Structure formats: C-alpha cells, structure tokens
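Right, one structure below, let's go through it.
Nothing in this text is a laboratory measurement; each read-out follows from the coordinates by a stated rule. The structure presented is a predicted model; accordingly, all values stated were derived computationally and were not measured. With ideal geometry, Cβ positions are generated from the backbone for all residues, glycine too; neighbour counts draw on all protein chains shown.
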There are 2 protein chains.
Amino acid sequence: MDNRTELEQLGEFGLIKHLTQYFPIEHKTTIKAVGDDAAIVEIPEGEHLVITTDMLVEGVHFDLMYTPLKHLGYKSVVVNLSDVFAMNAIPSQITVSMAVSNRFSLEALEELYAGIKKACEFYKVDLVGGDTTSSKSGLVLSITALGMAAKEKIVTRAGARESDLLVVSGDLGGAYMGLQVLEREKEVFKSAPGAQPDLSGYDYILERQLKPEARKDIVELLSSMNIQPTSMIDISDGLASEIMHIADQSFVGCDLYEEKIPVAPETIQAAKEFNIDHTTAALNGGEDYELLFTIKPSDYEKLKGNPSFSVIGHITNEAQGCRLVTRGGGIVALSAQGWDALRAGI
Amino acid sequence: MDNRTELEQLGEFGLIKHLTQYFPIEHKTTIKAVGDDAAIVEIPEGEHLVITTDMLVEGVHFDLMYTPLKHLGYKSVVVNLSDVFAMNAIPSQITVSMAVSNRFSLEALEELYAGIKKACEFYKVDLVGGDTTSSKSGLVLSITALGMAAKEKIVTRAGARESDLLVVSGDLGGAYMGLQVLEREKEVFKSAPGAQPDLSGYDYILERQLKPEARKDIVELLSSMNIQPTSMIDISDGLASEIMHIADQSFVGCDLYEEKIPVAPETIQAAKEFNIDHTTAALNGGEDYELLFTIKPSDYEKLKGNPSFSVIGHITNEAQGCRLVTRGGGIVALSAQGWDALRAGI
C-alpha cells in the first residue's frame, strides 16, 4: 500500500467515526445508529426480533496470507446474515466490534470496512453500532446481526416431523475445496517465496471460500412459493453436523441419500485432484452457507424440479437415528466431524 | 485450582452447552435463547429496542494478574448494561462471545461464567446467545446487550437544551483510584514475588474498579420521580469526555462547577496518597459507570437534596463551549483526556 496512517493518530472515537462515516442508513426500522450509548431499533407490530453473533479470529477463522481484507469484511457480515436467513427472517441491522493490533494501518481497516459496507449494501442492512479497540496480537472481529420476521414465519431447528422431506439449497463442499487450494498455494509460497500462486481454473470453489453469499434469495423464493419450512439451519459446519442439529432439536431421525447430495462439477474435479471423497467434503467441509430445511410432504410438489433445491432425504423417527444411505445402497450412521473452531484452533 | 480440564476435551458445542446450562430464562420477552441459529426476542407493543456492544481484550481492558475471572465476567456484563440504562431503557437480553487460548482451563471459564451469571441474575437479563472460539493469545470478550423501553421514554445524548441542569449520580474518580492501587501492588509483586498485596483500607475504591454496578436504580428512581432526562450518557471514559459527547450531539455548551463534582472521601484520600488531583481523577479517570444527564430547570425541585444526585452544572449555548469553573473561580476550557482504549493499548 502506498500510504500508511497509524491508528493512534486517530484514537478510538476518531477511528470509529472515520470508518463508519460513509455507511448510509437505509432501513426504516433504524431509529438511531452509531453514535450514542446504544442504537435504537423499531420492531414492526406482529414481528419478532432475531439476533445472532459470530466471532472471527485471525489464525483460527481466517488467514490474511490469502484472505484479502475486503473479502474478509464481506464474509464476516455474510456468515452472520446467513444465521438470520436460517430463521426465515430478514436481516436489518448489524454491529461490528473489532480488536486490532498496530500491525494494521488505517488503510488496511478501510479495506476491511469497504467489504463490510459492500455486504451492508447488497443485503440492505444498516451498521448501527460496534466497538473498536486494540489487541496485543492479530485481528478479532465480532459481528452481531439483527433480523425481523412475522412471528408465524420464524423457523427454528426444532420443528422437523417424521416423513418431512430434507431439502438443501445450492451445492455443497465447494468452500472446503477452495480452502484446500488456498492452503496448497500457501505452502508453495512458503517454500518458494515469490512464486506466483496457481489459482486458475478454481474460480468457482475459490469464490465459495473467499466470497460466500447468504441465501437471501432462497428465503424470498420459499416465501413466494408459499412454502413454510418446518425446520431450518444454515450450513456453516458441514451437512452432517447440521442434519444432526435438526434431528437433535426436533427429536427425530433422518435418512440422507448420498446420491442426492448436490456437489458442483468444479468441486468434484478439485476433490479428485486432492484425493478427497467429494461426499466427505460436502458432509464435513463446512462454510457453504447454504440453507438446509425440512418441508411437509404436501409441499413437495411446489419445489419439485426447481434447480435451486435438492431433496436429499427424509425425516424418520428418533430411535432410528441419522443415517447415510450410500451410493452402493449401504447404510451407515451419520457422524458429525464438522469444522470445530475450538478444536481447529487450540 | 485443583482440577484442570482442557477445553479441547469438550469441543465448541460441548463447551457452550456446558457453560450456559445453568442460565435460566426469566424474561417473558425471550422466546428462544441459546441453541438455534439465532435467538428470538419479542418487543412489547409501543416499545423500542436498544442495542449496544463492547469488546474487552486481555492486556488492554483487564489484567488477569489482579482481576479475578468471576469479577471480570460480572463487570463485562455490567459495562454493557450501563449503556442500556444510559438510554433510559431496561436491559433484557445479552449475548456473550469469547475467544480463549488453551492457557485457560474449563474451570477458569466456569469462574468467568459464574460472574456473568451473577450479573444476569442481579440485573434480570437472559443470556440468549454467543459464540466460543479459540484465540492464539489471551482472552477476548464481546458482549452485546439488548434493552427495551417505551418509545417516548428513550433518552439519547442529543436532547440537552440551553439552561438545562447537568446532573450526575453517585460519585466519581473511585474506579480510577482503585486501578492505581492495583497497579501499584502489581509492581510490588513483580519486584518481590510472594509479597502479599496490601489492599486494606481501599475496599471502596477497589470495589468501584473490580465490581462496578450499572445504575438500574437510578433509571427506576428517575421514573418514579417522574423525571424524564433531556439527554443521558453513562460515565465510562471520564466526566469530561462524556460532557463533551452530550454537548457535541446536542449542539450546546456547558458550564461545569468543580466544587459540585461528587468525589467520595476514600477517593480523595487515595488521590492524596498518589499525588493525583482528585478532580482530575473524576474528570478523566473513567470506569465509574455513573449516569450523567440533563434535566429541564422545572424538574430541579423534584431531585433537589436527593443524596443519589449531584447537580454539577448547566447547559449553555454552543458558542460558549464546555467550560470548567474551578474552585478558585477560574474558568478553563474542558478537554477530554479520557481513557482511550485504542491509545491505551497500542
């Protein structure tokens, strides 16, 4: 970067003001945003508030060696909004807190906030608060997202019933394979600094990893199709783990069909190259931010054949547990080996 | 500690479940707490939501050498609730996110959460969500608090008008002097490990530093006295800085009378000992978590003589700026040299 402005030149209040000055307020429910002891939000009559929060730690959740700060800002908002959509709600406001070491210049944080702003614009959410402080090492981001929905529209993980169909949006495993490519190129770079990373041909899976989107379109589509999911969750830790969350909280079992799991050709190709089973990437890879939900059997006709959705299994009774029906017709118990931030980092 | 359970034995989901299992849900507005993609909150008709967030970083905001983890948990909730009270609202829910290194055992986090739970119980707020992840170094806490109030009751920093009276609750400078005592004993300990800290006689100011309370009682008292502040802020960064926030956002000036600033005898005593002017401790020390507010002159009779309040000045016009009228009758421009987390840490 050409210019480097040290953070201490601005101080805490100056920094927040500087970084948030170009964030417009668009949501009519935002009564007061950044700048007071607290933000003020109006909840329309008949609606409930949903609130979710995620913490992202440098070296655990992201590696700045291959994550551009603007992408990091964008993704850190998206992962929170994904949780709001998973409640069948529409996100409306976020707060962004950040601990940052003096390794970062003002210009670096401007990049980060440019990504945050881009996500706010795309998803039409307002930045209404946050906190900025120093850190002894690295960057820690903590984002909280608010959303709203009519009370009767909100969907939890707990409503799946026996014989409901299990449906997933988009395709799975791509973000995980993108990460493998980035990690490989990082190792190449470490052993031969100056080597140009070879990322050509991996556009799709790299975008899945570096610039995921939250499925706002799916929530809107379900609404327009008049489908009210009986349960829903977003896929952040891998399909297997998320299915088991729904099963646990709904007190049901589930049969998942391997052959029905949607995996993109680019993901299958990369999995082959890395000698990874692509079903494993889909089941345990995580970070796809697709929506996994259950619907009543009577709603099947409404989404049958729609390319946005794959029906991948059905809900059984609790005693049966969660099972994977393999391509060969075998039946194995599903186990969650999803990405665990705590195990991964410690 | 007798037992040490490593965090990786539990994993992320196990850890959250373990730490939050004894948190009861008490608030009728909490529809769904921990355990889904997001928590669900109901906002009563006619009320607005307020939301505030704070990030606390080890080595910047707290020093575990002299901060017991239980106190840290308590205080980290209190500082957020204080912001909710500063809006004249009543806190209802919090989320707690935490990045933690493997230096911490499960038992240490249980202590931290015991403090968080104690604050939740005392202030009647529900823990409804959060995130737990690993950190490469130290402990980072990010807490978000929600509160509610009737729309017309909410008070911002922007409503002060010329001739309004400036009022503060409790007394000031104590938390800062408590910190000086703790820092002194830390230095003694570092030069002579094993030395017993000499903390006797400092109970009041140590409690102000280590176990501050948010002034819920003041918000309730003002309501019962039928006083609606015209502006309000909590004192986290020092009286001077907070007065200037109100002045800035209300487009007014302010005359503050040094002789009216409430300082406890224990604080004055410690200030003498440390050769610190106690007015400076009150103006710039911070962390007192008292409420600073303005009232219409016509409300003066309602709180006159009430020992919970001190009238310390009055609002003037913007051109006059913020001024301190000293004990000797001199007039100096007020300047904010409050505790700046960014400058302090970098």
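Cα atoms only, segment A:7-153: Rg and Dmax in Å?
That works out to 15.2, 50 Å for Rg and Dmax.
Sorted from shortest, what are the nm distances separating the label point of A:E121 from equivalent points in the other copies, each placed 7 Å from Cα along Cα to C-beta?
With the label placed 7 Å along Cα→Cβ, A:E121 yields 5.0 nm.
As a test, work out the antiparallel percent of DSSP beta bridges whose residues both lie in segment A:165-345, rounded to the nearest 5.
Given both bridge residues lie in segment A:165-345, the antiparallel proportion sits at roughly 85 percent.
Please arrange B:E26, B:E152 by how many other C-beta atoms lie within 10 Å of their C-beta, fewest to most.
Result, fewest neighbours first: B:E152, B:E26.
What number, in percent, do you get for the relative contact order of chain B if the mean sequence gap of Cα pairs under 8 Å and at least 6 apart is divided by its residue count?
21 percent
Take the alpha-carbon positions of segment A:149-239, form their convex hull, and give its projected area averaged over all directions (one quarter of the hull surface) in nm².
8.2 nm²
Name the most mobile residue of A:K216, A:K272, A:K260, meaning the one with the largest mean-square fluctuation, in a Gaussian network model of chain A with Cα contacts below 10 Å.
Of the options given, A:K272 has the highest mean-square fluctuation.
Near A:K28, which lysines are there with a Cα under 17 Å away, not counting those fewer than 8 places off in the same chain?
Once the sequence-local lysines are set aside, what remains near A:K28 is A:K124, B:K151.
Suppose the Debye formula is applied to equal point scatterers at every Cα of the protein assembly as shown; what is log10 I(q)/I(0) at q = 0.05, 0.06, 0.07, 0.10 Å⁻¹?
Log10 I(q)/I(0), no solvent term: -0.25, -0.37, -0.49, -0.96.
Could you work out which residue, out of A:S308, A:S236, A:S163, moves most in a Gaussian network model of chain A, that is, has the largest mean-square fluctuation with Cα springs under 10 Å?
Sorting by GNM fluctuation, first place goes to A:S308.
Most fluctuating residue of A:Q196, A:Q269, A:Q180 in a GNM of chain A with Cα springs under 10 Å: which is it?
A:Q196
Taking one equal scatterer on every alpha-carbon of segment A:16-56, how large is log10 of I(q)/I(0) by Debye at q = 0.20, 0.23, 0.33 1/Å?
Treating every Cα as an identical point scatterer, log10 I(q)/I(0) equals -0.85, -1.01, -1.13.
Taking chymotrypsin sites (Phe, Trp or Tyr not before Pro) that fall in a DSSP loop and have at most 16 other Cβ atoms within 10 Å as cut points, what is the longest piece of chain A between them?
No qualifying site falls inside A:23-250, the longest such stretch.
So what's the convex hull volume per residue for the Cα atoms of chain A, in Å³?
Spelled out: Cα convex hull of chain A, divided by residues, is 148 Å³.
Where does helix A:69-85 land angle-wise versus the long Cα axis of chain A, in degrees 0 to 90, nearest 10?
40 degrees
Going 7 Å from Cα along the Cα-Cβ axis for the label, what nanometre distances separate A:Q320 from the same residue across the other copies?
7.8
Please list, in chain and number order, the residues 5+ apart from A:R323 or on another chain whose amide H is under 5 Å from its amide H, with Hs placed from the backbone.
A:C254, A:D255, A:L256, A:L334
First check a/c for segment B:202-292, with a ≥ b ≥ c the square roots of the eigenvalues of its C-alpha gyration tensor; if it is under 1.5, answer rounded, and if not, answer prolate when a/b is larger than b/c or oblate otherwise.
Note, shape of segment B:202-292 comes out oblate.
Once you have all Cα-Cα distances for segment B:84-156, histogram them in 5 Å bins from zero and send the whole-percent values.
Percent of pairs per bin, in order: 4, 14, 21, 20, 15, 11, 7, 4, 2, 0.
List every residue whose amide H lies under 5 Å from the amide H of B:I31, counting only residues 5 or more places away in sequence or on a different chain, with H placed 1.01 Å from N in the peptide plane.
Amide H neighbours of B:I31: B:I40, B:V41, B:E42.
Regarding segment A:165-345, what is the average projected area of its C-alpha convex hull, in nm²?
In nm², the orientation-averaged hull projection of segment A:165-345 is 11.6.
Would you grab the residues whose amide H sits under 5 Å from the one on B:G130? Only those 5+ places off in sequence or on another chain, please, with H modelled 1.01 Å from N.
A:T53, B:V96
Given Cα positions, please report Rg to Rh for segment B:164-212, the hydrodynamic radius being the Kirkwood one.
Taking Rh as the inverse mean 1/r over Cα pairs, Rg/Rh reads 1.18.
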